[in-house]
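Only one structure is covered here, and it is reproduced in the block below.
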Amino acid sequence: MDTHRLANPPMDPSSTQDAFVEWVRQATPYIHAHRGRTFVIAFGGEAVLDARFPDLVHDIALLHGLGIHLVLVHGARPQIEQRLRAQGAELSYVNGLRITDDQALACVKEAAGIVRVEIEALLSLGLANSPMAGVRVPVVSGNFVTARPLGVIDGVDYAHTGLVRRVDQHSLRALLDQGMVVLMPPLGYSPTGEVFNLSAADVARSTAAALGADKLIFLIEGQGMLAGSGLPLTLLTQDIDPLLKSTQLPDDLASYLRAGAEACRQGVRRVHLVERGREGALMRELFTRKGSGTLISAEPYERLRPARIEDIPGILELLRPLEERGILIRRTREHLETDLNHFHVLDCDGLVIACAALYPYPEEAMAELACLAVHPDYRSAGRGEHLLTHLSELARTQGLRHLFVLTTQTAQWFQERGFAPADIESLPSSKRAFYDTQRNSKVFLKDLLS
Ligand SMILES: CC(C)(COP(=O)(O)OP(=O)(O)OC[C@H]1O[C@@H](n2cnc3c(N)ncnc32)[C@H](O)[C@@H]1OP(=O)(O)O)[C@@H](O)C(=O)NCCC(=O)NCCS
């Protein structure tokens, strides 16, 4: 999403207006879902050097304005290398791990200071007629990371290169609760007063784990890297090791995948890999159904479960267009609240993307399947059938023999899944009494035991 557009919505033509209104409405469930959550966002020093960095900072300010608790973790590799080159030196790497000698450490400290000041300056902008007008984003940085030396491995002394030992989650949480954005450099400190050069990915992963963050987002460099790598849109933690063994991926991408899997194992709910170079990629990932990057999670991204009271707005949103087209009969919010225990939903990262209800008629050993709906963006991938199978099984375990549906426009779909046409007389008597002859729905029946 482009915050310029939010500040100055296009006035004309009306189709653009409609798209704008549609966009805001589509983003609304995410705005509600993200409020009060904790996101750790990590990006490399390359982001800070990019002329479009202010756009990213505006997006970050917007996330803060939406009530999201934010921790920003930045790298500083190009800034460090630039300083070393100016001194005729360079960072040396052994087995993919950098060695930080005294000269390099001095450059790391300098670079981290410069990056911090630049981010703080951009978050302080408040010019009228800019996306930051009237915005106040307090930023805080500090000694929240305790580190230890990487030490000597295979005879190689990595000097001031370190690993995260502990993150002070209590101080971080207190600052986040006060509305601060926390900025974390790739540095850590030891109880003996030493400074260590850390990887931003290590700091981000450890911080997200310590805070039990809702999301850890890696803004990765290398445009087209995600698409080019053929990574699926969603990955389960358990799939990452086999994937890394079977596929040759760029080193950076592989290390983000490892860090992501580790973070999930340590309790972070979702890890997102997003290409920083793609315009608006972060906002698309956070506020659209399709997202823009790759998502890693410990449990399946989608879950079929009984509906809860907080699902009602999502169910209403799913059903409303179908009711308006006469495909489903209208249900009020009160009706849904009363009937909620009959509903099951497919939950995709906290959003209701499909639902169905099962109404048992134990005396006739029958059940009605009603309100089956899958969001248009998620159709034709077996979700409708998944819900049908699940509720059929549920009815069977309740000792019911037949499942029936009343439908006006979806007859064929049910027929292709084992339902046969039936007449109104075959319905349970209490259902028959309320049959709407004007609506003239067709009745279909399935024998659950055959
Ligand atoms: C019917 C519905 C629940 C199916 O959900 P889904 O997740 O797409 O279902 P599946 O992936 O299991 O099945 C998809 C197949 O059903 C077909 N299909 C979808 N709607 C259909 C309809 N009304 N009649 C016949 N076939 C239909 C699709 O074309 C697709 O077939 P294909 O794979 O050959 O292209 C979904 O289309 C929907 O929400 N429709 C609107 C609400 C509705 O009609 N509910 C039933 C009320 S009684």
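The values are calculated or read from the model by the stated rules, or taken from the named source; none is laboratory data. Predicted model, so just to flag it, every value in this text is computed and none were measured. Backbone-built Cβ (ideal geometry, glycine too); neighbour counts: all protein chains shown. Heads up: the accessible areas ignore ligands, DNA and RNA and are worked out on the full protein's heavy atoms, side chains in. Shrake-Rupley method; radii C 1.70, N 1.55, O 1.52, S 1.80 Å.
Tell me which residues, restricted to region 382-415, are free of Cβ contacts under 8 Å to residues at least 40 places away in the same chain, open to solvent by 70 Å² or more (accessible area, probe 1.4 Å) and near the ligand (Cβ under 6 Å from one of its atoms).
Glu385, Gln412
Return the pairs, sorted by first residue and then second, in which the second residue is assigned to a strand (DSSP E or B) and within 8 Å of the ligand (Cβ to nearest atom), the first residue lies in region 364-380 and is not assigned by TED's automatic domain parsing to the domain that holds Leu346, the beta carbons are less than 9 Å apart, and the residues are 6+ apart or on different chains.
That search, which allows pairs on different chains as well, returns nothing.
Consider Pro242 carefully, then state whether it is surrounded by fewer than 17 Cβ atoms within 10 Å (Cβ to Cβ) and more than 18 Å from the chain's Cα centre (by Cα).
Considered against the rule, which asks whether it is surrounded by fewer than 17 Cβ atoms within 10 Å (Cβ to Cβ) and more than 18 Å from the chain's Cα centre (by Cα), Pro242 comes out as yes.
Within region 319-330, can one find any residue that is within 19 Å of Leu387 (Cβ to Cβ) and not assigned by TED's automatic domain parsing to the domain that holds Leu387?
no
Would you please list the contacts, defined by Cβ atoms under 6 Å and residues six or more apart or on different chains, that run from a residue in region 306-335 that is in contact (Cβ under 8 Å) with a residue 24 or more places away in the chain to a residue that is loosely packed, with under 14 Cβ neighbours inside 10 Å?
So the pair list comes out as Ile327/Gln409.
For region 195-208, does any single residue satisfy the condition of being farther than 30 Å from Pro149 by Cβ, at pLDDT 90 or above and either surrounded by fewer than 24 Cβ atoms within 10 Å (Cβ to Cβ) or in contact with a helix residue (DSSP H, G or I) (Cβ under 9 Å, 6 or more places away or on another chain) (or both)?
no
Just to be sure I understand the filter: pairs with C-beta atoms under 6 Å, separated by 6 or more residues or on different chains, first member in region 337-353 and at negative phi, second member of a type in the set (Asp, Glu). Which pairs pass?
Val345/Asp311; Leu346/Glu302; Cys348/Glu302; Val352/Asp311
Filter region 120-151 down to the residues that are part of a loop (DSSP other than H, G, I, E, B), in contact (Cβ under 8 Å) with a residue 24 or more places away in the chain and closer than 26 Å to Ala208 by Cβ and list them by number.
Of everything in region 120-151, those that are part of a loop (DSSP other than H, G, I, E, B), in contact (Cβ under 8 Å) with a residue 24 or more places away in the chain and closer than 26 Å to Ala208 by Cβ turn out to be Val135, Val137, Pro138, Ser141, Gly142, Asn143, Phe144, Leu150.
Okay, residues lined up against (1) assigned to a strand (DSSP E or B); (2) under 30 Å from Val352 (Cβ atoms); (3) touching a helix residue (DSSP H, G or I) at 6+ places or on another chain (Cβ under 8 Å):
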| site | (1), (2), (3) |
| --- | --- |
| Val24 | no, yes, no |
| Gly36 | no, yes, no |
| Ile41 | yes, yes, yes |
| Leu63 | no, yes, yes |
| Val73 | yes, no, yes |
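Determine whether Arg320 is assigned to a loop (DSSP other than H, G, I, E, B) and within 16 Å of the ligand (Cβ to nearest atom). Give the steps one after another, and end with the answer.
Numbers: assigned to a loop (DSSP other than H, G, I, E, B): no; within 16 Å of the ligand (Cβ to nearest atom): yes.
For Arg320, the condition - assigned to a loop (DSSP other than H, G, I, E, B) and within 16 Å of the ligand (Cβ to nearest atom) - is not met.
Which count do you get for residues in region 281-330 that are open to solvent by less than 70 Å² (accessible area, probe 1.4 Å), among the basic types (Lys, Arg) and touching a strand residue (DSSP E or B) at 6+ places or on another chain (Cβ under 9 Å)?
The number of residues fulfilling the criteria is 2.
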